[in-house]
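The values are calculated or read from the model by the stated rules, or taken from the named source; none is laboratory data. The model shown is predicted, which means the values in this text are computed figures rather than measured ones. The area values use the complete protein model at the heavy-atom level, side chains included, leaving out ligands, DNA and RNA. Shrake-Rupley method; radii C 1.70, N 1.55, O 1.52, S 1.80 Å.
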Amino acid sequence: FIFYFLPFANLGTTINHYQLIAVIVESASRKIVSFGYGLNFLLIKMRTLTGLIKNNHIFLDFIKSENNYAVQLNRDIVFISRKLFIGKTAFQNACWKCGTDQGSSNLFCEKCNALQHPKEKHNLFKVLKIEEDFKIDEADLKNKFRKMQTMIHPDKFSNRGSTELSISEEYSSLLNKAYSVLQTPLKRAEHLLELKGEQVGESDKIDDPEFLLEMMSLNEEVEEAGNNKQLLKKLFDKNKSVINELEKEIQENFISNNIENTKKNVIKLKYFMSIHNRINKILRELGVTD
Ligand SMILES: [Zn+2]
């Protein structure tokens, strides 16, 4: 056996992170020596070890004595090494650079100040650290976005090595995505539904003939308004108030957890938003901005 030492991270036990655990790599896999590579292999090994620890209560302790490092397994010293390998793997809370446990969701390592990989990629509310709700404080959202955007801007990392630069690029594009989704009520609602395991697809349509007729006649009204700025503005405002009402209903539906109605309203909102964008585009082409 070859032992590699890894910082203790997220094994779901109460061992604190200053204790180190060893990952047992069988000699056949000797070629996996560097921790920068073979990440999947190591993660599988970690999982195996996690299972060991949980099911058989095997604790691997790490002891440092002068220049030697020893691994203790169930009170027997099983391995002594002169060299300490610190894992550079992407365990959730360990710094990729120095291995220090991050604990909280800091952007930068508390010890070596290296920019950390985004802890959260799926839940965009968590990315921007705002409460997961349809109703949001738009000013707060904008503030948080701007602040984080400044902190992780790739320009700041051009001299800090390729890893941090690429993390900053990855993080920046994630931030932009999160901001663009969360600032738009329609996209925000769709994302919230997605987080609840519900999807509103392109093919989801309203099959209420009355509603569809209403949409047709609205589109005709826009058509007929032509380049009449006043008329267009009036249609725009009327449409906007419908959108506001729908957003209120969506908020109420989310509060009462009425997913079916939320979905229906989200689909309706899509129709009204497409009219909104259409009128907006014509008005901008006519030089009207507000
Ligand atoms: Zn670090």
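Leaving out ligands and nucleic acids, note down the accessible area per residue over the range 209-285 with a 1.4 angstrom probe, in whole Å².
On a per-residue basis, 61 Å².
Return the Rg/Rh value of the range 209-285, two decimal places, where both radii are evaluated on C-alpha atoms and Rh is the Kirkwood radius.
When Rh is taken as the Kirkwood radius, the ratio is 1.04.
Can you tell me the relative contact order of the range 131-290? Whole percent, Cα pairs under 8 Å, sequence separation 6 or more.
23
Express the Stokes-Einstein translational diffusion coefficient of the range 124-183 in µm² s⁻¹, to the nearest whole number, given a Kirkwood radius over alpha-carbon pairs, 25 °C and a viscosity of 0.890 mPa s.
Result for D is 205 µm²/s.
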